[in-house]
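The values are calculated or read from the model by the stated rules, or taken from the named source; none is laboratory data. Source: prediction; values computed, not measured. So basically every Cβ, Gly included, is an ideal-geometry build from the backbone, and we count neighbours across all protein chains shown.
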Amino acid sequence: MSVQDMIAPGFSDPVFQSQAAFRALLAALSEPGTLQRVTVAIAPPEGLATATATALLTLADYETPVWLPEALRNGPAGAWLRFHCGAALVDEPASAAFAVIDGAAGTPALSAFNPGNDQFPDRSTTVFVQCAALEGGAETTLSGPGIPGTRKVAPQGLRAGFWAEVRENGALYPLGVDLVLCHGDGMLGLPRTTRIEEAR
């Protein structure tokens, strides 16, 4: 069996499916805290949620370095991204355009990723945070652009201190990373403009 045969397929209709996935991502980041779902049917590699894999398949290419936890980088997920996206997988979080972290893991901190710079704040890392669930956890209250008044989210499987990190990240605006929380085919956007009003 060839290496290609061992790697799960990507998009069957790249143009249509990547456009649909991009619209879901755009909705997640422009309406922070709203649950968006990817409707693209792919079989993600081990270690990546469907939403995470679909987003990376849509966004990553040879010009966008990707950071993965070592176990994913050296396993099927890393091989899948190299094959389908041509993306370079980097060892240093600060070198990444896109990154995937386990929301429950203690490291790396959000501050380890590239927040952009004064000239190019848009060159910061977009971090996909894989969670145990996007609903049913302790409620956190969000406010900011794209949120009329406030909005509550309740993801599960996030490390202690995660929301404090998100608050500190927002204080860097216009610098800072943008976050997308993922589980299954669902995603919640938390751009750097989102304020954490309350976390229990």
In region 39-77, how many are assigned to a helix (DSSP H, G or I) and buried (at least 20 other Cβ atoms within 10 Å of the Cβ)? 11
Is it the case that some residue within region 106-121 is in a loop (DSSP other than H, G, I, E, B), in contact (Cβ under 8 Å) with a residue 60 or more places away in the chain, touching a Gly at 6+ places or on another chain (Cβ under 7 Å) and among the polar types (S, T, N, Q)? no
Out of all the residues in region 130-164, which are part of a loop (DSSP other than H, G, I, E, B), hydrophobic (A, V, I, L, M, F, W, C) and either in contact (Cβ under 8 Å) with a residue 12 or more places away in the chain or in contact with a Lys or Arg (Cβ under 6 Å, 6 or more places away or on another chain) (or both)? Cys131, Ala132, Leu134, Ala138, Ile147, Ala154, Leu158
Close pairs from region 165-176: first within 16 Å of Gly103 (Cβ to Cβ), partner part of a helix (DSSP H, G or I) and not basic (Lys, Arg), Cβ under 6 Å, at least 6 apart: Glu165/Leu110; Asn169/Leu110
Residue under evaluation Val127, criteria (1) touching a residue at least 24 places away in the same chain (Cβ under 8 Å); (2) outside any loop (DSSP other than H, G, I, E, B); (3) farther than 27 Å from Tyr173 by Cα, criterion not met: (3)
How about region 39-80: which of its residues are closer than 13 Å to Cys182 by Cα and within 13 Å of the chain's Cα centre (by Cα)? Leu48, Ala49, Thr50, Ala51, Thr52, Ala53, Thr54, Ala55, Leu56
Report yes if Ala24 is touching a strand residue (DSSP E or B) at 6+ places or on another chain (Cβ under 7 Å), at pLDDT below 95, surrounded by 19 or more Cβ atoms within 10 Å (Cβ to Cβ) and under 22 Å from Gly157 (Cβ atoms), otherwise no. yes
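Per-residue answers, yes or no, for (1) crowded, with 17+ Cβ neighbours inside 10 Å; (2) more than 30 Å from Gln17 (Cα to Cα); (3) at pLDDT 95 or above; (4) β-branched (Val, Ile, Thr):
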residue: Ser95; (1), (2), (3), (4): no, no, yes, no
residue: Ala99; (1), (2), (3), (4): yes, no, yes, no
residue: Ala109; (1), (2), (3), (4): no, yes, yes, no
residue: Ser124; (1), (2), (3), (4): yes, no, yes, no
residue: Pro145; (1), (2), (3), (4): no, no, yes, no
residue: Lys152; (1), (2), (3), (4): no, no, yes, no
